[in-house]
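*Asks:* Please find one structure pasted underneath; my questions will follow.
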Amino acid sequence: MEGECRAPQARSSGLPAGGGGGESPGGDAPLPGSSGSSALLQAEVLDLDEDEDDLEVFSKDASLMDMNSFSPVMPTSPLSMINQVKFEDEPDLKDLFITVDEPESHVTTIETFITYRIITKTSRGEFDSSEFEVRRRYQDFLWLKERLEEAHPTLIIPPLPEKFIVKGMVERFNDDFIETRRKALHKFLNRIADHPTLTFNEDFKVFLTAQAWELSSHKKQGPGLLSRMGQTVRAVALSMRGVKSRPEEFMEMNNFIEIFSQKINLIDKISQRIYKEEREYFDEMKEYGPIHILWSASEEDLADTLKGVASCIDRCCKATEKRMSGLSEALLPVVHEYVLYSEMLMGVMKRRDQIQAELDSKVEALTSKKADTDLLTEEIGKLEDKVECANNALKADWERWKQNMQNDIKSAFTDMAEENIHSYEQTIYYGPIYSSCKEKEEMI
């Protein structure tokens, strides 16, 4: 057995270590899917009202778990190990701060693209300086995500915002679109920075610190085109072959992902539709204020009444705009991020199955004695280690992700509810004014 896979240790925040006993981060609740009932799965995925304690919004640090990499390509330099020990001894210490800001448009004869400034501040010893500033475009973020997936195939890599947008929804270089993407890229990098394993990935460090020409040179050091094509063909072949017997805990995990994907996609569609209807209502309502003002200029006897109606409409517009802002900033990004997470999780499960399928094929070949038995026995031993490490990595990261997911979604809906309550209270406050305006408008 080459190398040793150590079970990840939970941080002193009190969260359980992943992969133990099939329990959820909440404590006594069984792992979704263990009962075999879709109703129980659905309740655990999106139930926001079980008890008051569930509505507590935990800090991001409290939801993190310290775990070691199970990937053989994970850098194990002394400096990296020192920093991991520092995380275990001082769980509340955050030593990597990343900001994505100042989007900038670039126009060339071939293409037009946007770059974003990335400022990194750190106290880690493996960094040459305490502060770095680089500019990156979307393709660079995509490269980082792909390298993380290659290095850690069964860890849950944070999702990137989509490269392409729905036709007709928004222009590619619209200011609102660029700002939305900037926020998503900012969250992507900070989720990696907060991950107990991904944060020490060497490609992540290069991404944060290297200048453009250095990053370009580093990208060329990866596997060549033929090598990547060979890996892709083998992965496709293994996926076509499938696995003979997926462990029960991963069957339950897969069931959870399927139900979660259905529910979160439905919530995303409903949320988008609500926002669209609110936007249409707002656009229509804001036209009435100026109309009443113009009307008052030609009706001296009704001038005060018409101005009062215009003032009332203006207040309604502001309240609606504020409610829309809360929806677009507090709820929509969180829900859509977990739509993308559901797609990422399916990819993680597929990669885990490919590793197991490779082991199954070798065992089958050994059983039928189609090749050198000594060589196959050695390969099977290595693959057994690889499968065990992949499984342990996924189980530990699954518990960490699920805890974060529950906290994020509950926090988003709680914030949205509080915003709606505040909006309703304002409606009550302006109610007498609105009633007076309606009476005046009816008189007119």
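*Asks:* Looking at (1) at pLDDT below 90; (2) in the same structural domain as T414 (by the TED database); (3) open to solvent by less than 100 Å² (accessible area, probe 1.4 Å), find the lone condition where M253 falls short.
*Replies:* Of (1) at pLDDT below 90; (2) in the same structural domain as T414 (by the TED database); (3) open to solvent by less than 100 Å² (accessible area, probe 1.4 Å), only one is false for M253: (1).
*Asks:* Further question: Consider segment 305-332. How many of its residues are open to solvent by 20 Å² or more (accessible area, probe 1.4 Å), among the aliphatic types (A, V, I, L, M) and in contact with a His (Cβ under 9 Å, 6 or more places away or on another chain)?
*Replies:* 1
*Asks:* Kindly list, by first and then second residue, each pair from a residue in segment 202-216 that is within 12 Å of E133 (Cα to Cα) to a residue that is among the hydrophobic types (A, V, I, L, M, F, W, C) and crowded, with 20+ Cβ neighbours inside 10 Å, limited to pairs with Cβ atoms under 6 Å and residues at least 6 apart or on different chains.
*Replies:* Once the first residue is within 12 Å of E133 (Cα to Cα) and sits in segment 202-216, its partners that are among the hydrophobic types (A, V, I, L, M, F, W, C) and crowded, with 20+ Cβ neighbours inside 10 Å give F207/L144.
*Asks:* Working only within segment 95-119, note down all residues that are open to solvent by 30 Å² or more (accessible area, probe 1.4 Å), under 12 Å from Y138 (Cα atoms) and modelled with pLDDT of 95 or more.
*Replies:* Within segment 95-119, R117 is the sole residue that qualifies.
*Asks:* Could you give every pair whose Cβ atoms fall below 9 Å, whose first residue belongs to segment 277-296 and is open to solvent by less than 80 Å² (accessible area, probe 1.4 Å), and whose second residue is modelled with pLDDT of 85 or more and of a type in the set (D, E), counting only separations of at least 6 or pairs across chains?
*Replies:* Within 9 Å, the pairs are F282/E321; G289/D314; S296/D304.
*Asks:* What are the pairs with Cβ atoms under 7 angstrom where one residue, in segment 129-140, is within 23 Å of T180 (Cβ to Cβ) and the other, located anywhere, is open to solvent by 70 Å² or more (accessible area, probe 1.4 Å) and not in a strand (DSSP E or B)? Sequence gap at least six, or different chains.
*Replies:* Hits for this filter: V134/Q211; Y138/K163.
*Asks:* Then there is this: Pull up segment 188-231, narrow it to residues that are at pLDDT 55 or above and open to solvent by 60 Å² or more (accessible area, probe 1.4 Å), then point me to the one that is nearest to I119 (Cα to Cα).
*Replies:* Kept after step one, since they are at pLDDT 55 or above, are these residues of segment 188-231: 188-223.
Checking which are open to solvent by 60 Å² or more (accessible area, probe 1.4 Å) leaves us with 202, 211-214, 219-221.
Values: E202: 18, Q211: 12, A212: 14, W213: 18, E214: 17, K219: 21, K220: 24, Q221: 25 Å.
In this case the residue turns out to be Q211.
*Asks:* Follow-up. Across segment 124-178, what is the number of residues that are open to solvent by 70 Å² or more (accessible area, probe 1.4 Å) and at pLDDT 90 or above?
*Replies:* Of the residues in segment 124-178, the ones open to solvent by 70 Å² or more (accessible area, probe 1.4 Å) are 128, 130-131, 133, 135, 139, 146, 150, 162-164, 166-169, 171-173, 175-176.
Those left that are additionally at pLDDT 90 or above: 128, 130-131, 133, 135, 139, 146, 150.
Within segment 124-178, residues that are open to solvent by 70 Å² or more (accessible area, probe 1.4 Å) and at pLDDT 90 or above number 8.
*Asks:* Next question. Among the residues of segment 341-357, is any outside any helix (DSSP H, G or I) and hydrophobic (A, V, I, L, M, F, W, C)? Talk me through it step by step, then tell me what you get.
*Replies:* Of segment 341-357, the ones outside any helix (DSSP H, G or I) are none.
No, segment 341-357 contains no residue that is outside any helix (DSSP H, G or I) and hydrophobic (A, V, I, L, M, F, W, C).
The values are calculated or read from the model by the stated rules, or taken from the named source; none is laboratory data. As the structure is a computational prediction, the values presented were derived from the model and not from experiment. We place every Cβ from the backbone using ideal geometry, glycine too, and count neighbours over all the protein chains shown. Protein only, heavy atoms only, side chains kept; ligands, DNA and RNA dropped before computing areas. Shrake-Rupley method; radii C 1.70, N 1.55, O 1.52, S 1.80 Å.
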